[in-house]
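This report concerns only the one structure given below.
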Amino acid sequence: MQANRLTISEIQAGLKGKTLTCESLAKQYLDTIAAHNSDINAFLEIDPNQVIADAKAADQRLAGGGAIRELEGVFAGIKDNIHVLNQTTTCGSKILAGFKPIYEATVVKRLRDAGAIIMGKLNCDEFAMGSSNENSAFGPVKNPINRNLVPGGSSGGSAAAVAAGFCTIALGSDTGGSIRQPAAFCSVVGLKPTYGTVSRRGLVAFASSFDQIGPLALCVNDASLVHKVISGKDEQDATSLTHSPTWSELPKDTSSLKGLTVGVPKEFLGDGIDLEVSEAMNQTIEKLGHMGAKVVSVSLKLVDRCLPVYYILSSAEASSNLARYDSVRYGPRLHEGGSLDELYLNNRSLGFGPEVKRRIILGTYVLSEGYYDAFYLKAQKMRTLIRQDFEKAFQQCDVLLTPTSPFPPFALGAKTADPMAMYLADVCTVPVSIAGLPAISIPVPRTSTQLPVGIQLISRALEEDQLFAYAMAMEVMLKGNHL
Amino acid sequence: MSQEEFETVIGLEVHVQLNTQTKIFCGCATDYSNKPANTHVCEVCMGLPGVLPVLNQRVLQYALKACMALECDITKETKFDRKHYFYPDLPKAYQISQFDKPIGQRGTIRIELEDGTERQIGVTRIHMEEDAGKSLHAENGETLVDYNRACVPLLEIVSEPDMRTPEEARAYLEKLRLIMRYIGVSECDMENGSLRCDVNVSVRPVGTKKFGTKVEVKNMNSFRSVVRALEYEKKRQVRQIKREQRILQQTMLWDDVKGETRVMRTKENADDYRYFPEPDLPPVRISEDLIQEVSLLLPELPDKKVDRILKTYGIPAYNARLMAEDRELSDFFENAVKAHNNPISISNWILSELLRELNKDLLPIRDCKIQAVHLGQLVQLIDSGVISGKIAKDVFEVMYKEGKDPKSIVDSRGLTQISDDSKIEEIILTVLTNNAQSVNDMQAGKMKAFGFLVGQIMKETKGKANPGKVNEILKSLLLTKYQIECP
Ligand SMILES: [Zn+2]
């Protein structure tokens, strides 16, 4: 096995057995990046010398008898909307080109404290708005599995980097599916945690009441290790929850699936779901039956309202969060001269891409006097009802199972002219985001001629512990190692 | 119709800067005045990408104190909202404020007018918000921005349109300032911007119920300019009506130099602030425990204090009000009365002698050398006849300068009053012998000489003779020795 396809436990076993050094790992990752990044375009910024220096320092610490910390030997890529000191945060936008934060995101600090080495910044859709990573001002990311395909978005760079072996794990952010959908497209694991479990300090806000940072990884266990490190109360984020979960040992086999009740919302089978995706779903359901799990059909009646609710609320928040980018205090001055209004108008017109502008205009509209009640307020009320919809479903099952995306990855450029078709990519992930629940996407193993497909497991709020356990057992089941 | 046939309808929107140590949503210090520009800032108050606000719990406490002091209903589940507008001094392009669930509603402020009448003015709402930075327009046309003030906590206090004269507006502002200072949440200095006031003013014929079209006036920098702006607006609006011109719903700017208002904008191009709930701050639940806790921090408020002082000490209402205007002064009074129970005399001493000296030296009462107990003892020395009122003033001067207790001053300087009858008689007889002319004058009916004789006696005793006794004995000696009857 290639060293740069190692999981965290494999890396740490290597470090312990002294068959691996952080420096040798770093070199492998950097070599792979050097060979393929110019084509895949996942990393926007990386400082190889710093990575090597950090790896050497880690090796020295271990040689000096230092303990192997939770994320020792883990090389992490960070989505470019999360602040890393001494690196730029562009959010994939021209309006922030060259912007260097003066503080580091809480999640990045926590990664460092746990021993992880920060590699660099990963491409994404501009301000995390998009489902194909084609909205980045710094060029699209290509899917490492098939470079004619999109990697998904908005954390397309994060998913692609993990899939391409550029790093051990990556952090992404998920507002309506931006971790899960690219994870599915690139055949990696991606977790969107319960809203409020991971600090948002240092994450450039898109839609504050939806945004959550989460891990993308090669396997469920890696995702869980990273999540344990980055989650937990942050006094500098008033929306972060005081919640100390008990983390139990993850299962190594499928025995925990026996007697498990898996709910499959009927709205996610049938119309609008691509044939390949339904096939993968059906295979999974069949296997679950063999494992002794009870698969029941449940209903999320409001699913068809979720996209409008999501686009109203997230765009409203985005129009507010993105109002500060005016080129007055930071970011490049793209246009000089004129009145104050002209300064705002010209710089924002030149700085933002079309999708971001579309959402700012939509969000501004739904918050305007005379429209607020009809759109924003109504959508807020729907949000409560959608949450209740999930609560009802969870009365009938332990965990929900859906496709992560209604279709497999599509060709670059295939949907760029049709925003509505692009928005449909999030139809399975958005309801979970509206309800603030945790969900994980795991890949369904496919033949080499088939396109990647991911399935999404959803649990009750704050039940990441169980979610990881179910996902782990299903990962074993899907890989067929259980025999 | 003349000006007198119209009344003004006035409502005030006051911004009070809270004097917490740190800003409302970050840890930066709030004392920005006279500090170099942009030195009291951090990523949060600069609104840099990725920052999140965290509510300063002290701000919540201060806001609750203000709500309680103005007798507001407290909103048990209050929340913050974003108010959007683009301006370089507003770093996030929105201000975190409160829209539909302000922390306090339906309060009241009692005002007293010059003629002694009292009125209740309704307080519509109190809400918390962050201040913006300051734009400085340089001569070369550049605009510079100082963000030291950004994120400093503010309370916006909105009154009902309950005031009818500029004087009432002034009384409201003075009372509001008094209460905020009393509860220690703000200095409320209009000159340095810790109190800012916008007015809403309309006019209507006296006796009518319907409100006229209101005009908002901004940019006043003192209570006096508020009064002047209101007077000006009343005249302007009445003149408009008399000319049968419509009054437009406008925002005006007060020009203090020219003494006039000018149009800033009309309602037609009013801003749409696109308020919506601040997603970065969870709603704030105000528990009974917190209300209890904060109510214990609340001092006795001026109105209650006046009422209690009047009832307990029976001093003149004027004295009670004056003393209640300064929490420390009224504490001083009450402590002095504890030492000697003559509240009327003590309040007179405080309001005349003590305040005169303090005002002359621009000293607050807390820096006064005289202890409350000592002032009580001074009045006690007068009341028990140990010293005269005149001597007391000399003793007071020494107390003020040196901070000693009155008894030791009187003793060390031999200022004790002469109350011994035979001693006084002896002195009077000497004075009468030495001033035969005055006695003759009196015998001739020129009774004015009596005062002169008293003066001579006091001079002889260096003011220490008990004046009552001097009067009494002098009269009786004049009668028995010279058959002069004094009235
Ligand atoms: Zn600050």
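The values are calculated or read from the model by the stated rules, or taken from the named source; none is laboratory data. Just so it is clear, the structure is predicted and the values come from calculations on it, not from any experiment. For neighbour counting, all protein chains shown are included, and Cβ atoms are generated from backbone atoms with ideal geometry for every residue, glycine included. Just the protein is used for accessible areas: all its heavy atoms, side chains included, with ligands, DNA and RNA removed. Shrake-Rupley method; radii C 1.70, N 1.55, O 1.52, S 1.80 Å.
Segment B:35-61: which residues show an accessible-area loss of 30 Å² or more, assembly versus chain alone, 1.4 Å probe?
Output list: B:Glu43, B:Leu48, B:Pro49, B:Gly50, B:Leu52, B:Val54.
Provide the per-residue ³J(HN,Hα) series for segment A:11-25, in order, calculated from phi with Karplus coefficients 6.51, -1.76, 1.60 and θ = phi - 60°, each as a whole number of Hz, with x at glycine and proline positions.
Each residue of segment A:11-25 in turn: 4, 5, 5, x, 5, 5, x, 6, 8, 9, 10, 4, 5, 5, 4 Hz.
Rounded to whole Hz and in sequence order, give me ³J(HN,Hα) for segment B:94-111 from the Karplus expression 6.51 cos²θ - 1.76 cosθ + 1.60, θ = phi - 60°, writing x for Gly and Pro.
The phi angles translate into 9, 9, 7, 9, 10, 10, 9, 10, x, 5, x, 9, 6, x, 7, 10, 8, 10 Hz.
Report the relative contact order of segment B:26-149, percent, no decimals, based on alpha-carbon pairs under 8 angstrom and at least 6 residues apart. If you can, show how the numbers build up before the last one.
Values: 206 pairs, mean separation 30.9, N = 124.
Once divided by the residue count of segment B:26-149, the mean separation gives 25 percent.
Given +1 on the Cβ of Lys and Arg, -1 on the Cβ of Asp and Glu, and no further charges, what dipole in debye does the protein assembly as shown carry about its Cα centre, rounded to the nearest 20? Let's see the in-between values first.
Numbers: 113 positive and 121 negative charges, 84 e Å.
That gives a dipole near 400 debye.
Against the longest principal axis of chain B, how steep is helix B:327-339, in degrees 0 to 90 to the nearest 10, with axes from Cα atoms?
For helix B:327-339, the angle is close to 30 degrees.
If you take the charge dipole of chain B about its Cα centre, with +1 on Lys and Arg Cβ and -1 on Asp and Glu Cβ, which of B:Pro36, B:Ser287, B:Leu113 is farthest toward its positive end?
B:Leu113
What shape does the protein assembly as shown have by the C-alpha gyration tensor, where a ≥ b ≥ c are the square roots of the eigenvalues, rounded means a/c under 1.5, and otherwise prolate means a/b greater than b/c and oblate the rest?
On the way: a/c = 3.12, a/b = 2.42, b/c = 1.29.
Prolate, because a/c is 1.5 or more and a/b exceeds b/c.
How about segment A:306-368: which GluC sites (Glu not before Pro) there are in a DSSP loop, with at most 12 other Cβ atoms within 10 Å of their Cβ?
Numbers: sites: A:Glu317, A:Glu336, A:Glu342, A:Glu355; in loops: A:Glu336.
In loop regions of segment A:306-368 (DSSP not H, G, I, E or B), the sparsely surrounded GluC sites (Glu not before Pro) are A:Glu336.
Tell me the carbon and sulfur percent of the accessible area for chain B, rounded to whole percent, probe radius 1.4 Å. Before the final figure, lay out the partial values.
Working: 11400 of 23310 Å².
Its accessible area is 49 percent carbon and sulfur atoms.
What percent do you get for the relative contact order of chain A when only Cα pairs under 8 Å and 6+ apart count? Don't skip to the answer; put the middle values down first.
Values: 1119 pairs, mean separation 82.0, N = 483.
About 17 percent, as a whole number.
Where does helix B:421-434 land angle-wise versus the long Cα axis of chain B, in degrees 0 to 90, nearest 10?
80 degrees
How well do other chains shield peptide B:86-98, expressed as the mean number of their Cβ atoms within 10 Å of each residue Cβ? Mind dumping the intermediate values first?
On the way: counts 10, 4, 6, 1, 2, 4, 4, 9, 4, 0, 0, 0, 0.
If you average over the peptide's residues, the count of other-chain Cβ atoms is 3.
Evaluate Rg over Rh across segment B:300-412, taking Cα atoms for both radii and Kirkwood's formula for Rh.
Details: Rg = 13.5 Å, Rh = 14.1 Å.
Answer for segment B:300-412: 0.96.
Keeping all protein chains in place, calculate the accessible area per residue for segment B:421-482 (probe 1.4 angstrom), answer in Å². Walk me through the numbers on the way to the answer.
Numbers: 3540 Å² over 62 residues.
In whole numbers, segment B:421-482 has 57 Å² accessible per residue.
Would you please give the residues with an amide H less than 5 Å from that of B:Glu260, counting only those at least 5 places away or on a separate chain, with H modeled from the backbone geometry?
Those qualifying (amide H under 5 Å, at least 5 residues apart or on another chain) are B:Asp255.
Out of the GluC sites (Glu not before Pro) in segment A:237-302, which ones are loop residues according to DSSP with at most 15 other C-beta atoms within 10 Å? Intermediate values should be presented prior to the final figure.
Details: sites: A:Glu249, A:Glu267, A:Glu276, A:Glu279, A:Glu286; in loops: A:Glu249.
Counting only loop positions with at most 15 other Cβ atoms within 10 Å, the GluC sites (Glu not before Pro) in segment A:237-302 are A:Glu249.
Is it possible to state the helix-based mean residue ellipticity at 222 nm for chain B, with each DSSP H run of 4+ residues giving -39500 (n - 2.57), the sum divided by total residues, to the nearest 500 deg cm²/dmol? What is it? Intermediate values should be presented prior to the final figure.
Details: 16 runs with 190 residues, N = 487.
Helix-only estimate at 222 nm: -12000 deg cm²/dmol.
Using θ = phi - 60° and the Karplus curve 6.51 cos²θ - 1.76 cosθ + 1.60, what whole-Hz ³J(HN,Hα) does each residue of segment A:110-118 get, with Gly and Pro shown as x?
Whole-Hz 3J(HN,Hα) from phi for segment A:110-118: 5, 4, 4, 4, 8, x, 5, 9, 7.
To the nearest 10 degrees, how steep is helix B:449-460 against the longest Cα principal axis of chain B, on a 0 to 90 scale?
The angle comes out near 90 degrees.
Checking buried surface per residue: for segment B:269-298, which residues lose a minimum of 10 Å² accessible area in the protein assembly relative to the chain alone (1.4 Å probe)?
In segment B:269-298, residues shielded by partner chains: B:Asp272, B:Arg274, B:Tyr275, B:Phe276, B:Pro277, B:Pro279, B:Asp280, B:Pro282.
Determine the principal axes of the Cα atoms in chain A, then give the extent along each, sorted from largest to smallest and rounded to whole angstroms.
That gives 69, 55, 45 Å along the principal axes, largest extent first.
Roughly speaking, to the nearest percent, how much of segment A:252-335's 1.4 Å accessible area is carbon and sulfur? Working shown, then result.
Numbers: 1890 of 3540 Å².
The C+S portion of the solvent-accessible surface of segment A:252-335 is 53 percent.
Filter the trypsin sites (Lys or Arg not before Pro) in segment B:247-313 to those in DSSP coil with at most 11 other Cβ atoms within 10 Å of their Cβ, and list the result.
Values: sites: B:Lys258, B:Arg262, B:Arg265, B:Lys267, B:Arg274, B:Arg285, B:Lys304, B:Lys305, B:Arg308, B:Lys311; in loops: B:Lys258, B:Arg274.
Those that pass, being in a loop and sparsely packed, are B:Lys258.
Over segment B:166-268, give the accessible area per residue in Å² for a 1.4 Å probe, as an integer.
On the way: 5220 Å² over 103 residues.
For segment B:166-268, the per-residue accessible area is 51 Å².
Ignoring everything except DSSP H segments at least 4 long, calculate the 222 nm mean residue ellipticity for chain A; use -39,500 (n - 2.57) per segment, divide by total residues, nearest 500. Numbers along the way, then the final one.
On the way: 15 runs with 182 residues, N = 483.
Using -39500 (n - 2.57) per qualifying helix, the result is -11500 deg cm²/dmol.
What is the percent carbon and sulfur in the accessible area of segment A:404-483, measuring with a 1.4 Å probe over the protein chains and ignoring ligands? Before the final figure, lay out each step's value.
Working: 1580 of 2600 Å².
Ligands and nucleic acids excluded, carbon and sulfur reach 61 percent.
Return the long-range amide H neighbours of B:Arg265 (sequence gap of 5 or more, or a different chain), with a cut-off of under 5 Å between placed amide H atoms.
Here B:Thr251 satisfy the definition.
Give the A-B buried accessible area in Å², both sides summed, 1.4 Å probe, nearest 100. Intermediate values should be presented prior to the final figure.
On the way: alone 18490 and 24710 Å², together 40480 Å².
In total, this chain pair buries about 2700 Å².
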